[in-house]
Each structure stands twice: as C-alpha cells, then as structure tokens.
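The values are calculated or read from the model by the stated rules, or taken from the named source; none is laboratory data. These numbers were taken from a predicted model, which means no experiment stands behind them. FYI the Cβ positions are ideal-geometry reconstructions off the backbone, even for glycines, and counts take in every protein chain you see.
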Protein chains: 2
Amino acid sequence: MSGRLIVIGLGPGEATYLTAQALEALERADWFYGYGPYVDRVVAVDDPRRVVSDNREEGARAREALTLAERGECVAMLSGGDPGVFAMASAVCEQIERGPQTWRELILEVVPGVSAMLAAAAACGAPLGHDFAAISLSDNLKPWALIERRLLACAGAGLVMAFYNPISKARPWQLGVALEKLRDVLSPDTLVIFARAAGRVDEQITTTTLDQARAEQADMATLVIIGSEETRRVERPGQSSLIYTPRFAPGCDPEAAGSQG
Amino acid sequence: MSGRLIVIGLGPGEATYLTAQALEALERADWFYGYGPYVDRVVAVDDPRRVVSDNREEGARAREALTLAERGECVAMLSGGDPGVFAMASAVCEQIERGPQTWRELILEVVPGVSAMLAAAAACGAPLGHDFAAISLSDNLKPWALIERRLLACAGAGLVMAFYNPISKARPWQLGVALEKLRDVLSPDTLVIFARAAGRVDEQITTTTLDQARAEQADMATLVIIGSEETRRVERPGQSSLIYTPRFAPGCDPEAAGSQG
C-alpha cells in the first residue's frame with residue numbers, strides 16, 4: 001500500500017464549517033499532524049494518533065508527516081481555514097520538492113476549506129464582492145519593503161485587501177506602518193474591518209474607517225479587511241451595518257449593463 | 001416572525017464540499033432562489049419551492065427574494081462557490097441599500113463556502129500559497145482599461161492571480177488580451193493553470209506556461225491561475241505535477257528564519 005498525506009482545511013473555527021469531504025478525510029487518517037489548537041478541534045486530547053507541534057515549525061512538521069507517510073500510513077496534516085492560503089499545503093509542497101525522490105511518489109491530497117477571509121467577509125456582508133487581494137503582513141519570510149510595495153500596488157489599483165498575519169507579539173509594528181502607508185494613498189473614510197475570531201463563537205467584527213483604524217484593534221486571531229474606494233456601508237436599524245463592495249465600477253450600472261455572464 | 005434571507009455558498013460543485021452550516025441553512029429555508037444549475041444541486045427539480053433564474057439576472061433575483069422575505073418567509077439564495085466572491089452576496093447588499101427601508105430590517109445571513117479558486121488550487125498543490133489577487137475578467141460591470149490596470153499592478157507586484165469569469169460567448173477576447181498584456185511584464189515560463197470544473201467529477205486541470213497559454217484553453221467553467229515568478233512545478237513520477245508558490249520570498253530561507261508566527 002502506498003503512503004498518503006492529506007492536507008485538510010478545517011475552516012475558520014466551529015465544526016459547522018467543516019465540509020463533508022474534510023470529515024471523510026479525517027475518518028481515513030491514521031495520524032493527525034498539526035498546530036495544537038487545530039488538532040484539538042477534531043481529535044481528542046488523549047488520542048495517541050495526535051502529533052502536535054508549534055505554529056512556527058511548519059517545515060519540520062511536514063518532513064515528519066512525509067516520513068511517516070513513506071512507511072505506508074495515511075497521514076492527515078490539519079490546517080485552519082483553507083490549507084492553500086498562507087497555510088500548510090505550500091509548506092508540504094516545499095518539503096516534497098526538497099526531499100527524497102520517494103516523497104514524490106506519495107499520494108498527496110489537499111482538501112480545501114473555508115478560508116478566514118471568506119468567513120470574515122460573510123460576517124459583515126460582502127466586502128470581497130469584487131476584485132481583491134490576500135496579503136500576509138508577516139515579514140518573517142519576505143522583506144518588509146516587498147510587503148509595502150504590494151500594499152501600494154493593490155491600493156493604487158482599487159483592490160480590496162484582506163490581511164493575514166496582521167500582528168503578533170514578535171511583529172508588533174507592521175500593521176501600524178501598513179495603515180500609515182495606506183493613509184497616503186487612500187481616502188480617510190475608506191472602510192476597515194477588524195474581524196477577530198471570524199467563524200468562532202467568540203467572533204467579533206469591528207468596522208471603522210482608515211483615519212480611525214489603530215493597529216491595537218487587531219491581534220493574532222484577527223483578519224483585517226481594507227476596503228476600496230467603492231466599498232460601502234449600509235446602516236440597519238437594530239442590526240450591525242452591512243459592508244459590501246459593489247459588483248460594478250462607478251458609472252457601470254448593473255441594471256442597465258447586465259451582470260457578469 | 002421577521003423575514004430572513006440566507007445567502008448560501010454551495011462550494012465548487014460536488015455535495016462533498018458543502019459545509020454542515022450550509023446543510024443546516026438549507027433545511028431552514030422555505031424557498032430556494034438561484035441560477036438553475038446551482039438550485040439543481042440541492043433541490044429536486046419538481047420541488048415547488050424552487051425559483052430559478054438566468055445567471056444574468058442577479059439584481060432582479062435579489063429583489064424578488066427580498067420581497068418574499070419581507071412577508072416573513074425564510075428565503076435561501078443559492079450561490080456556487082463562496083457567495084461573497086463574485087457572487088450573490090454583493091448583489092443582495094446592493095438591493096438592500098437601494099430598496100425600501102423595510103429590507104434593512106430583514107435578517108441577512110451569509111453562509112460562506114469553498115470558493116472556486118480554493119478548489120482549483122487544492123487540485124494542483126498550493127499555487128495560492130502566498131500573496132495573491134482574485135480578479136474578474138468580465139468587463140460587463142467595469143471598464144476593460146481598469147481590468148488591465150489591475151492585472152499589470154498585481155503582476156508587477158509579484159502577486160499570483162486567480163481569474164474569475166475568464167471567458168464566455170459574449171466575452172470572447174478578454175482572456176487572450178489579458179495573457180498578451182501579461183507577456184509584456186512576466187517571464188515566458190510563468191506557470192499558468194486552467195482549472196476546468198474544479199471540485200466537480202469532470203474536473204480537468206491543465207498546467208502550461210505563459211508563452212504557451214491560449215485563451216481557447218478556458219471556457220465559462222474555468223478558473224485560471226497565473227503564477228508569480230516564484231511559483232514552482234514539482235514533477236512526480238506517474239502523477240500530475242505539483243504546482244505551488246513558496247511561503248517565502250527569494251533569499252528568505254524558511255528553515256533559518258522560522259515561519260509566519
């Protein structure tokens with residue numbers, strides 16, 4: 001029997017976000033690798049098939065899992081959100097490329113999931129309803145200058161932006177600098193969403209404007225969305241505001257022009 | 001009882017991509033609005049609660065559904081993939097903003113789903129593993145010049161791009177022109193993925209390079225991914241190649257620098 005590694009997206013938090021495909025993959029697995037809090041979601045703490053590691057050890061975790069799969073086991077690599085968006089799927093591919101030829105013979109499955117930005121967007125309306133970019137603000141693996149260049153390019157082209165890894169104890173200043181740079185090129189009333197724990201029971205959505213936004217409103221569990229000049233807020237009596245980005249550019253009336261066919 | 005509209009993401013195709021949350025929402029609904037092929041996935045063709053419409057009628061469909069919800073019904077608006085990504089959630093928000101005040105009093109739920117780009121990426125590895133943009137190539141609702149500007153901005157900043165609505169009978173030339181423009185700024189060996197029917201039983205993934213890519217390789221059901229200069233292909237004996245974008249920029253060795261904490 002040939003070995004298999006299944007990289008499984010668990011979605012943003014609660015079990016209700018799991019797909020049937022993810023549940024089926026979890027049932028097939030002999031071992032469960034991952035960052036502790038993700039493994040905790042789906043495997044009992046006393047289950048001997050758990051192999052948890054810290055969230056800074058993706059490379060080593062992937063190598064261990066591949067080594068075990070090579071012995072013919074079916075190994076699950078658990079990822080929050082979608083495993084292909086700033087998560088374990090890329091780390092696994094990196095190790096397959098760098099590792100022994102036998103790792104290329106393993107069967108690799110990637111099971112997609114609901115990424116944090118999709119849960120965050122759903123919680124407040126449709127801020128990602130038109131062209132957008134997903135950008136990690138972590139400068140652990142890329143120079144800060146490159147991040148700034150990307151932010152300014154996307155803002156200048158009118159894209160909404162979703163920031164992953166906006167802030168952490170080890171990276172305290174990056175989000176503040178990013179907001180400062182964006183203030184140079186975007187209107188002060190550009191909408192900014194801080195979606196903390198999106199898709200979890202303790203979800204907390206805060207909407208503000210670029211001139212009011214402060215980096216301290218985010219933590220490691222926050223997904224930040226920066227609207228474009230087109231992103232709009234609809235006030236609702238007795239309910240939170242809806243935030244959405246129209247499907248159409250200014251001057252392109254959808255009722256006259258038809259929709260995206 | 002107050003009315004409710006639930007915009008539900010059905011994921012990219014097969015029922016295995018449905019989340020438990022989406023299934024639960026489908027059970028609560030009294031009515032099912034949507035583009036026919038999406039409604040067909042989850043509601044029997046002879047079910048009297050179906051209200052199907054063409055895929056160019058989002059505005060009218062949203063108004064009808066909101067009108068029905070206003071009468072106290074629980075109305076489901078079905079969307080392929082994720083409803084917040086080039087889909088119905090934004091169309092519903094638009095109509096709420098433009099419509100009568102009573103529509104703002106309705107309860108609106110958006111149930112996220114696995115978007116087509118996530119399924120496409122999962123099928124070939126992790127091409128969206130680092131910063132990327134999602135861009136619609138449809139110029140029905142925005143000027144083509146704006147689309148070109150966004151393509152060049154993202155390519156210039158080193159973002160991977162996922163193209164939604166790359167081509168249709170009514171928009172036959174846009175993808176070809178986009179590829180042509182990108183050839184001016186990206187290396188000829190930039191990887192290009194045509195993911196047709198990603199997440200469906202008839203899924204077909206074709207990987208090529210920018211100099212070889214032709215618009216005719218895509219149709220309405222295709223999600224196109226344009227790699228960055230960092231996107232890599234790993235050949236595997238007897239299996240399709242893995243395509244992935246590393247988590248790190250050139251010169252930022254993840255094993256030395258640690259991961260995105």
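Here the strands (runs of 3 or more DSSP E) wholly within the stretch A:135-209 that include at least 3 residues being within 12 Å of chain B (Cβ to nearest Cβ) are A:160-164. Filtered by the rule that a residue be in a strand (DSSP E or B) and without any contact (Cβ under 8 Å) to a residue 60 or more places away in the chain, the stretch B:232-252 gives B:ARG232, B:ARG233, B:GLU235, B:ARG236, B:GLN239. Please tell me if B:ILE243 is closer than 26 Å to A:GLY129 by Cα and crowded, with 16+ Cβ neighbours inside 10 Å. No: the conditions fail for B:ILE243. Within the stretch B:157-170, residues that are within 28 Å of A:ALA155 (Cβ to Cβ) and in the same structural domain as B:LYS142 (by TED's automatic domain parsing) sit with their Cβ atoms under 6 Å from residues that are aromatic (Phe, Trp, Tyr) and in a loop (DSSP other than H, G, I, E, B), at 6+ positions apart or across chains, in these pairs: B:TYR164/B:PHE86. Every listed requirement among (1) of a type in the set (S, T, N, Q); (2) under 21 Å from B:GLY13 (Cβ atoms); (3) surrounded by fewer than 24 Cβ atoms within 10 Å (Cβ to Cβ) is met by B:ASN140 save one, (2). Taken together, A:GLN212, A:GLN204 contain a single residue that is closer than 30 Å to A:THR19 by Cα and among the polar types (S, T, N, Q), which is A:GLN204. Within the stretch A:111-134, the set of residues being at the interface with another protein chain (Cβ under 7 Å from one of its Cβ atoms), small (Gly, Ala, Ser) and over 12 Å from the mean Cα position of the chain (by Cα) comprises A:ALA122, A:GLY125, A:ALA126, A:GLY129. In the stretch A:4-17, the residue that is nearest to the chain's Cα centre (by Cα) out of those that are in contact (Cβ under 8 Å) with a residue 40 or more places away in the chain and not in a strand (DSSP E or B) is A:PRO12.
All of A:GLU109, A:GLU97 fail the test of being assigned by TED's automatic domain parsing to the domain that holds A:ALA87, more than 24 Å from B:GLY84 (Cβ to Cβ) and without any contact (Cβ under 8 Å) to a residue 24 or more places away in the chain, apart from A:GLU97. For B:THR208, the conditions (1) in contact with a Ser or Thr (Cβ under 9 Å, 6 or more places away or on another chain); (2) among the β-branched types (Val, Ile, Thr); (3) surrounded by fewer than 22 Cβ atoms within 10 Å (Cβ to Cβ) are fulfilled apart from (1). From the list A:GLU24, A:GLU105, A:GLU57, the lone residue that is within 13 Å of another protein chain (Cβ to nearest Cβ), touching a strand residue (DSSP E or B) at 6+ places or on another chain (Cβ under 8 Å) and not β-branched (Val, Ile, Thr) is A:GLU105.
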